[in-house]
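The values are calculated or read from the model by the stated rules, or taken from the named source; none is laboratory data. Remember, predicted model here, so these are calculated numbers, not experimental data. Backbone-built Cβ (ideal geometry, glycine too); neighbour counts: all protein chains shown. Each accessible area value is taken on the protein alone, full model and side chains, heavy atoms only, with ligands, DNA and RNA left out. Shrake-Rupley method; radii C 1.70, N 1.55, O 1.52, S 1.80 Å.
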Amino acid sequence: AAEAISDTVRVASSRRSPSRLANATVAGPGGSGGVSVPSTVFAGQDSGAIGGGVDVVVYSFDRNVRGDPAAQADGANATEADADLGELRTGVFTVTFKSTASGADLPIAGLAEPLVVAIPLAPPDGLVAGPSGTCAEFNFCNGRGSCTEGACECVAPAHGLACERTAGCFFWDEAASRWSSEGCTAVRPAGGGDPSTLYCACTHLTDFGGVSVSVPTSTDELVDEASSVRINTFSRQDLEQTLLEPSIEENPYIYALVLSMAGACALSLVFFCWKDRRDTAEQQAKRAAKIKDREAKRERRAAAMEARLDKMDDFFGDQAEKAAAAIQKRVRGLKARKDVVDQVGGDVALAPAAKRLYGDRSKDHSCTKLYRNLIQGLQGDHTILGLWFGESEDGAKRAELVQIFWSCAMLALVIECMLYSPSVAGPGGVEAAPVSVNINVVSVVITALITAGICAPAVLAFK
């Protein structure tokens, strides 16, 4: 084994047999970092290439000797994920296996069991204190660090003023000339490992580095993101200060939003009250017209029947009287039947024809029934669709539905404000220079779920 160490570059090399290298840990130069090799690392390799031994060469560069990951977003082949990349949070750590017989690099890629590369992290950033002294403006360090004299002291690999970013496992893709995370995942070894080291499980060997990202790149980081979500408090003193000493000049957008929603609620309430009254009047007019038309038809039918009976009485004489009596009996039966049908709102005689014309709905396909029930349920239960169609399962009017809609919208706004993380201030409380906005996907999803979970039973309560 041999080592060569300078101020910025360190190299370590050693020669081992394949059997000794499998399931072994190779330390980096100067004992900094290293790589844990799985037992299947040489599966599929040519026995002639590794029969004489394997040379392990590890390079460690203190500075970035590859491309700047933060500049990838401006490249021709940029992706949406590149916009979130920041600076390199580690040095460049390179691991190579060479054949002792030929001196050529062994192709280590697509491993069933990954290698675990330990990469030393860069020293933590300098602490910047906020004006409150409690790290409230830093969202209490997002649960990834401790507040020390008003500044966030992040627990590695978290970093940033509010510990809002972390170091993700990336490698340098020679073919694409860019940093990529494909095949590499951040892991946490048993016992926690060294807090100043980034552990990456990768299925190949190349140049590795820890890139600053705000999106979790492993299950452990996802758990950390979820546990870092905090809910702001709203005390009685805050409520009194808001009502008695409103700071409209300091929060113009908040007050404009609240007043706009209140105005929209009042206007929509007036509009839908008018629409409810108009729809009620139209329904009453249609119902009266149907009743009048039904009575007119009944009178015309009775008059025609009486005329036919008179003709038959004159023509047949005594026989006609008997026939008329039988017919009148039949008519009375039909009339009684028609009265019963009118009371239940249908015509038994038309039922077979209606089935032939519209089809027997009892024989509809199950998908058709599911679709029909879904549409009826949305029209009856969904607040906005209920406003559009004017239908509700519990008979609520549009005026009631619009109140429910705005009540839920305002409740959701309050919950979002309680889950809101304030912007990060600069040194001495001075607003920091404009920086790119980092959207934490996990926090957004958790915030949305909390909001929906509280608002869902609120809809039932409002109804």
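Using the scaling law 2.2 N^0.38 Å as the reference, what is the normalised Cα Rg of the stretch 78-207?
Numbers: Rg = 18.0 Å, N = 130, 2.2 N^0.38 = 14.0 Å.
Here the Cα radius of gyration is 1.29 times the empirical estimate.
How much length would be gained if the chain were fully extended between D105 and A190, taking 0.36 nm per residue of separation minus their Cα-Cα distance, in nm to one decimal?
On the way: separation 85, 0.36 × 85 = 30.60 nm, distance 3.12 nm.
Extending this stretch completely gives an extra 27.5 nm.
At R0 = 22 Å, how high is the FRET efficiency between I454 and R236 if r is their beta carbon distance? Nearest 0.05 is fine. If you can, show how the numbers build up before the last one.
Numbers: r = 20 Å, r/R0 = 0.92.
Computed FRET efficiency for I454 and R236 comes out at 0.60.
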Projected label distance in nm at D7 and R301, using a 7 Å step from Cα toward the beta-carbon: 10.8 nm
Virtual spin-label span in nm between E282 and E153, 7 Å along Cα→Cβ: 7.0 nm
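Summarise the accessible area of the stretch 89-183 (1.4 Å probe, protein heavy atoms) by the percent that is carbon and sulfur. List each step's numbers first, then the result.
Numbers: 2230 of 3980 Å².
Here carbon and sulfur together make up 56 percent of the probe-accessible area.
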task: Run the accessible area of the stretch 1-44 with a 1.4 Å probe and give the carbon-and-sulfur part as a rounded percent.
output: 48 percent
message: Per 0.36 nm of contour for each residue apart, how much would the distance between L267 and A175 grow if the chain were fully extended, relative to their Cα-Cα spacing?
response: 27.0 nm
